[in-house]
Amino acid sequence: MSDFGAQSMTAALRRVVVRQPPDALPNADPKIWNYSAPINLKRAREDHAAFVALLQSNDVDVLILDDQGTKFPDSVFTHDASLVTTAGAVLMRMGKTLRRPEPDLHEAFYRKIGIPILGRIEPPGIMEAGDALWVRERTLILGRGYRTNDEGARQLARILAPLSVRVMPMDLPYGAGPHSCMHLLSLISLIAEDLALVHLPTAPVRLIQLLEEQGTHILPAPSAEYQSSNTISANVLAYAPRKVLMVAGFPKTRLALEQQGCTVTTFPGDELCLKAEGGPTCLTRPIFRC
């Protein structure tokens, strides 16, 4: 594979890695995995298939992560276990200990398709890519919380230093506590370089100031839908500037985006996304944007 590198949240999405909801998903204890309810595998796969079809209809090359490690229910959320730069992939070390084997799945896949491994987060560092927000090609904001710690941020900064990437950690809110999924991308989605959908009550002040300084318009995420969806309404995937995919059922958020000139397409996510705490961004590991 010759084309890789995704140091952007909004440049045209050319290639992603996804994983079909694994066989273990319906057997995952909601209390252990922090799901809101047991998951029906057939319906979850239907939701996922609808999402993949939308990606493909928008000229995104969708690669399927090999069907191995089926005992890892959260591996459907391919965004979190790795980060792909113009120099290769960085393998995470998951803050959610149940997810610790997932980066090995990503490593094997990258080696198979010819993407070099640039580095790996090692103990005692923890880092999940759901806490990584590219605000410019060489500026990466990290959410410092229960899924990413100071040592993980330091290691990632060292790995990315040869690429002249500035890594800026920022504290995340407590949210629903250490067992919930509060990533940085749980409270912000970049829609274009000059537009961000943000749940302002939980956003770091430094992040808002940085975005405003670089001329990014802050679009407040409607709070009622954000709360009722357990953050999923604000998890919106830009496959090109102002062209987004989001979970169906949040008309106020959709209208707010459309009023900013966005093309919004929705897919059903009640079974997979809402129950398992992961939106469309979480379901994709971008490996090439340009």
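The values are calculated or read from the model by the stated rules, or taken from the named source; none is laboratory data. Computed from a predicted model, the values in this text were never measured in an experiment. A quick note on method: Cβ atoms are made from the backbone with ideal geometry, for glycine too, and the neighbour counts reach across all protein chains shown.
Within region 25-72, work out how many residues are within 28 Å of PHE4 (Cβ to Cβ), surrounded by fewer than 12 Cβ atoms within 10 Å (Cβ to Cβ) and hydroxyl-bearing (Ser, Thr, Tyr).
Qualifying residue count, region 25-72: 1.
Of everything in region 62-114, what is in a helix (DSSP H, G or I), of a type in the set (S, T, N, Q) and closer than 12 Å to ARG285 by Cβ? Give them in sequence order.
SER75
Just checking, does region 222-236 include any residue being free of Cβ contacts under 8 Å to residues at least 24 places away in the same chain, surrounded by fewer than 22 Cβ atoms within 10 Å (Cβ to Cβ) and either more than 30 Å from GLU107 (Cβ to Cβ) or under 18 Å from the mean Cα position of the chain (by Cα) (or both)?
Checked region 222-236: at least one residue is free of Cβ contacts under 8 Å to residues at least 24 places away in the same chain, surrounded by fewer than 22 Cβ atoms within 10 Å (Cβ to Cβ) and either more than 30 Å from GLU107 (Cβ to Cβ) or under 18 Å from the mean Cα position of the chain (by Cα) (or both).
Condition check: surrounded by fewer than 22 Cβ atoms within 10 Å (Cβ to Cβ) and either within 16 Å of SER8 (Cβ to Cβ) or in contact with a Pro (Cβ under 6 Å, 6 or more places away or on another chain) (or both). Does THR86 satisfy that?
It is true that THR86 is surrounded by fewer than 22 Cβ atoms within 10 Å (Cβ to Cβ) and either within 16 Å of SER8 (Cβ to Cβ) or in contact with a Pro (Cβ under 6 Å, 6 or more places away or on another chain) (or both).
When only residues in region 269-290 that are part of a helix (DSSP H, G or I) and not aliphatic (A, V, I, L, M) count, which is nearest to VAL84 (Cα to Cα)?
Per the criteria, the residue is CYS273.
Restricting to region 156-165, name every residue that is in contact with a strand residue (DSSP E or B) (Cβ under 7 Å, 6 or more places away or on another chain) and surrounded by fewer than 23 Cβ atoms within 10 Å (Cβ to Cβ).
ALA157, ILE159, LEU160, LEU163, VAL165
Tell me, which residue of region 234-265 that is in contact with a Leu (Cβ under 9 Å, 6 or more places away or on another chain) and small (Gly, Ala, Ser) is nearest to LEU13 (Cα to Cα)?
ALA240
Listed residues MET168, MET246, MET182; which is touching a strand residue (DSSP E or B) at 6+ places or on another chain (Cβ under 7 Å) and either assigned to a loop (DSSP other than H, G, I, E, B) or under 30 Å from ARG45 (Cβ atoms) (or both)?
Exactly one of MET168, MET246, MET182 is touching a strand residue (DSSP E or B) at 6+ places or on another chain (Cβ under 7 Å) and either assigned to a loop (DSSP other than H, G, I, E, B) or under 30 Å from ARG45 (Cβ atoms) (or both), namely MET246.
Looking only at region 135-150, decide whether some residue is of a type in the set (A, V, I, L, M, F, W, C), more than 20 Å from LEU13 (Cβ to Cβ) and over 16 Å from the mean Cα position of the chain (by Cα).
Within region 135-150, not a single residue is of a type in the set (A, V, I, L, M, F, W, C), more than 20 Å from LEU13 (Cβ to Cβ) and over 16 Å from the mean Cα position of the chain (by Cα).
Restricting to region 206-247, what's the tally of residues that are over 24 Å from LEU140 (Cβ atoms) and touching a Gly at 6+ places or on another chain (Cβ under 7 Å)?
Of the residues in that region, 1 qualify.
Please work out if VAL198 is in contact with a Pro (Cβ under 7 Å, 6 or more places away or on another chain) and of a type in the set (A, V, I, L, M).
yes
Hey, among LEU118, LEU140, LEU133, which residue is in contact with a Phe, Trp or Tyr (Cβ under 6 Å, 6 or more places away or on another chain) and at pLDDT 95 or above?
Being in contact with a Phe, Trp or Tyr (Cβ under 6 Å, 6 or more places away or on another chain) and at pLDDT 95 or above holds for just one of LEU118, LEU140, LEU133, which is LEU140.
Listed here are the residues, each with its yes/no results for (1) hydrophobic (A, V, I, L, M, F, W, C); (2) out of contact with any helix residue (DSSP H, G or I) (no Cβ under 6 Å at 6 or more places or on another chain).
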{"residue": "LEU83", "(1), (2)": "yes, no"}
{"residue": "THR86", "(1), (2)": "no, yes"}
{"residue": "ARG93", "(1), (2)": "no, yes"}
{"residue": "PRO101", "(1), (2)": "no, yes"}
{"residue": "ALA108", "(1), (2)": "yes, yes"}
{"residue": "LYS112", "(1), (2)": "no, yes"}
{"residue": "ILE115", "(1), (2)": "yes, yes"}
{"residue": "GLY119", "(1), (2)": "no, no"}
